[in-house]
């Protein structure tokens, strides 16, 4: 143990290279000795413990975690440039986690063990509720639980950063949305602002009771129609038409589909998913 104390105590926080190369487990072992309470031979242990400094290991952890954060961020930039978007995201998340550890260490949370990150955050920012602890384990909950949990967290004053590619989920849960494409911010605003600002199209949809061959192509060729999509609706076919702003199709669509063959043909606001597709086109 004295060898461990000498090894760590001899490292200056100014020696960036040596600190960076320290194994995390070495810092963890040192910290545990520094804060442990002996159950036997307390006098002998206190003599040993005098060689270990909680403050010193905290200072080393600040530098160590900061270096890891910087390295992870550089890795993320390289991965993104090479087209590995998911791996770049994971590296960026690691960079954020290491930056959190560095911040916590600089504010009195010297425990280097990563499994106590939540407890350290809770002490630092005063969030100790059962709800906050549940949020820390978001990976293990399903979509419905997530949709119930986020509004409750917001009601407790917690700011939630949610990353998702499900636009329905974003529309339902988020008051501000940022859309990132190839590493660049391409849209920022409330869900309604994004839908109105980017979906510069009218959307109309209805149910065709008896679809015929070639009908969708005929609808697509109507003046002002920019895109069409179809989907099953029970035994019938749902048709969605995207048109330029100001274009009215009701009569033309009815003529093509046939009297009595078209149900519930109505205009609606574009969805966030539709706005998202337009933004990325």
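Sorted by average packing, counted as other Cβ atoms within 10 angstrom per residue and highest first, what order do 76-84, 22-30 take?
Per-residue mean Cβ counts within 10 Å order the peptides as 22-30, 76-84.
Using r as the Cβ-Cβ distance of residue 186 and residue 21, and R0 as 45 Å, what FRET efficiency do you calculate, to the nearest 0.05?
According to the calculation, E is roughly 0.65.
As I understand it, the value is the acute angle between the Cα axis of helix 85-106 and the longest principal axis of the Cα atoms of the chain; what does it come to in degrees, rounded to 10?
Helix 85-106 sits at roughly 40 degrees to that axis.
With n ≥ 4 as the cut-off for DSSP H runs, can you work out [θ] at 222 nm for the chain, using -39500 (n - 2.57) per run divided by the number of residues, rounded to the nearest 500?
That comes out to -16000 deg cm²/dmol.
Students often check this: by mean Cβ neighbours within 10 Å, which of 52-65, 157-170 ranks highest, and how do the rest follow? Intermediate results must be reported in sequence, preceding the final value.
Details: 52-65: 21.1, 157-170: 12.3.
Ranking, from highest mean packing down: 52-65, 157-170.
Mind checking the full-extension length gain between residue 176 and residue 90? Use 0.36 nm per residue of separation minus the Cα-Cα distance, one decimal, nm.
Length difference between fully extended and current span is 28.7 nm.
Give me the distance between the Cα centres of region 159-215 and region 93-115, rounded to whole Å.
After rounding, the separation between the Cα centres reads 36 Å.
Give me the number: length gained by fully extending residue 7 to residue 220, i.e. 0.36 nm times residue separation minus the C-alpha to C-alpha distance, one decimal in nm.
Details: separation 213, 0.36 × 213 = 76.68 nm, distance 7.40 nm.
Gain on stretching residue 7 to residue 220: 69.3 nm.
Expected output is a single nm value to one decimal: the length gained when fully extending between residue 164 and residue 32, i.e. 0.36 nm times separation in residues minus the C-alpha distance. What is it?
Full extension of this stretch gives 43.7 nm more.
Please give the peptides 4-16, 268-280, 107-119, 34-46 ranked by average Cβ packing (other Cβ atoms within 10 Å per residue), highest first, as a rough proxy for protection.
With the highest mean Cβ count within 10 Å placed first, the list reads 268-280, 107-119, 4-16, 34-46.
At a Förster distance of 30 Å, what's the computed FRET efficiency of residue 74 paired with residue 54, Cβ-Cβ distance as r, to 0.05? Kindly include the intermediate steps, with their values, before the conclusion.
Values: r = 31 Å, r/R0 = 1.03.
With a Förster radius of 30 Å, E is 0.45.
Computed from the coordinates by the stated procedures, all read-outs in this text should not be read as laboratory data. Because the structure is predicted, anything quoted here is derived from the model rather than measured. Because the Cβ atoms are built from the backbone with ideal geometry, glycine has one as well, and the counts that use them run over all protein chains shown.
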